[in-house]
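Here is the structure we will look at.
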Amino acid sequence: DIPFEKKIKEAEALQDWRSAVRWQYLFTLHTLEKNSYLEFMPAKTNFDYLRDLRRTEFKNEFSELSKVFEYVWYGKFNIHPNSYSEYSGRFSKFNK
């Protein structure tokens with residue numbers, strides 16, 4: 001078990017917004033797996049996870065969160081704290 005909330009808080013405290021977004025996304029995958037919407041596997045791509053969710057009412061929002069993650073993490077873009085706050089709110093809302 002990974003302490004996702006602790007990892008998110010640590011990244012936020014360091015103002016490492018990229019890592020914080022990554023931990024938010026991983027927590028989202030964990031939450032979806034815990035609720036039996038998908039099976040987390042490191043070899044799966046974000047597209048694979050989206051395919052797993054294609055019959056759910058929240059697939060579009062998950063797709064948007066995946067885009068945020070890919071833009072920030074793989075694109076290696078630094079984000080402004082205000083943007084992180086918006087993204088964090090979207091992740092939190094989705095995970096509830």
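How much of the accessible area of the chain, probe 1.4 Å, is carbon plus sulfur, in whole percent?
Details: 3160 of 6410 Å².
Answer for the chain: carbon and sulfur cover 49 percent of the accessible area.
Suppose all protein chains stay in the model; what accessible area per residue would a 1.4 Å probe give for the chain, in Å²? List each step's numbers first, then the result.
Working: 6410 Å² over 96 residues.
Ligands and nucleic acids excluded, the figure is 67 Å² per residue.
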### Message
When only alpha-carbon atoms are used, what values of Rg and Dmax, in angstrom, describe the stretch 1-92?
### Response
12.9, 38
### Task
For Glu10, put the label point 7 Å out on the Cα→Cβ axis and report which residues of the stretch 37-80 keep their amide N under 18 Å from it.
none
### Query
Listed highest first by mean packing, meaning other Cβ atoms within 10 Å per residue, what order do 75-84, 10-19 come in?
10-19, 75-84
### Task
For each pair in Lys9/Lys34; Lys9/Lys44; Lys59/Lys96; Lys67/Lys93, compute the distance between the two Cα atoms and list the pairs where it is over 18 Å.
Lys9/Lys34; Lys9/Lys44
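Return the calculated 222 nm mean residue ellipticity for the chain, to the nearest 500 deg cm²/dmol, obtained by summing -39500 (n - 2.57) across DSSP H runs with n ≥ 4 and dividing by the residue count.
Details: 5 runs with 61 residues, N = 96.
Computed mean residue ellipticity for the chain: -20000 deg cm²/dmol.
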### Query
Which whole number in µm²/s is D for the stretch 12-66 by Stokes-Einstein, with the Kirkwood Rh taken over Cα pairs at 10 °C and 1.306 mPa s?
134 µm²/s
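Given 0.36 nm per residue, what is the gain on full extension from Lys96 to Tyr71 after removing their alpha carbon distance, in nm?
The Lys96-Tyr71 span can extend by a further 6.7 nm.
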### Summary
So, relative contact order of the chain in percent, Cα under 8 Å, 6 or more apart, is 35 percent
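The values are calculated or read from the model by the stated rules, or taken from the named source; none is laboratory data. If you're wondering where the values come from, they're calculated on a predicted model, not measured in any experiment. A quick note on method: Cβ atoms are made from the backbone with ideal geometry, for glycine too, and the neighbour counts reach across all protein chains shown. Heads up: the accessible areas ignore ligands, DNA and RNA and are worked out on the full protein's heavy atoms, side chains in. Shrake-Rupley method; radii C 1.70, N 1.55, O 1.52, S 1.80 Å.
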